[in-house]
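Before any comments, here is the structure.
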Amino acid sequence: FMFSRPIVSLTVAAPAAFADRDVTTEITDVLATATAGTGGVPDNIVISSTGRVTRTSASAAAVTLNSDNSISNAGTISITTDEDDAVGVHIVGGNTGDFTNTGRIEILSETAQTIGTDGRVDGPIATGSNRVAILVDGATVFTGDILLTSGSAIVVRGNDSAGIRILTNLDGDFTYAG
């Protein structure tokens, strides 16, 4: 007489490997943590020392932290335009994450000053207004640290503009050593 034994098969799938969105070359598209991952899912953004996010329009922030993720910039985030309201990094309240800048954030003008025939500088000192390198805002608190390390740089050219503008509560450390 033969007994049959049940066969049990257990298949365990390994979790999908999550990798940060690495920027190692120049890109001209906006980046947001909410859609940075493969397939448009939330992920961290890491801009390496050779990476650049370069924009020529103020239509949207160059880089946005709008999910529970982090942004690290060791490269350059740059917007060159004469338009108003340019934002380099937008950190949206209601999210949890960190922003670390060891690189450069620059909001520059297309219009350059020139030296006239009289030897004096001609042209506007600044073009565009309400331009911000790092903007933290939103209806609720942003939870996380903002670290601008020694050697990092922020350059903003514009009227009524700011390097850093925090317009919501921050539950974390703000360190500006750059």
Item to complete: Mind listing just one residue for me: the one in the stretch 157-178 that is at pLDDT 95 or above and aliphatic (A, V, I, L, M) and, of those, most open to solvent (accessible area, probe 1.4 Å)?
Response: Leu167
Discussion item. Please pick out the residue among Ser67, Ser49, Ser72 that is of a type in the set (Gly, Ala, Ser), modelled with pLDDT of 95 or more and in a strand (DSSP E or B).
Written reply: Ser72
Worksheet item: Quick one: what pairs do we get from the stretch 149-178, first residue among the basic types (Lys, Arg), second surrounded by 13 or more Cβ atoms within 10 Å (Cβ to Cβ) and assigned to a loop (DSSP other than H, G, I, E, B), C-beta under 8 Å, 6+ apart or different chains?
Response: Arg157/Ser109; Arg157/Ala126; Arg157/Thr127; Arg157/Gly128; Arg157/Arg131
Worksheet entry | When residues of the stretch 8-21 are limited to those that are open to solvent by 90 Å² or more (accessible area, probe 1.4 Å) and under 25 Å from the mean Cα position of the chain (by Cα), the one modelled with the highest pLDDT | Phe18
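The values are calculated or read from the model by the stated rules, or taken from the named source; none is laboratory data. All figures in this text were calculated on a predicted structure; none of them were measured in a lab. As a convention, Cβ positions derive from the backbone with ideal geometry for all residues, glycine included, and neighbour counts pool all protein chains shown. Ligands, DNA and RNA are excluded from the accessible area calculation, which covers all protein heavy atoms including side chains. Shrake-Rupley method; radii C 1.70, N 1.55, O 1.52, S 1.80 Å.
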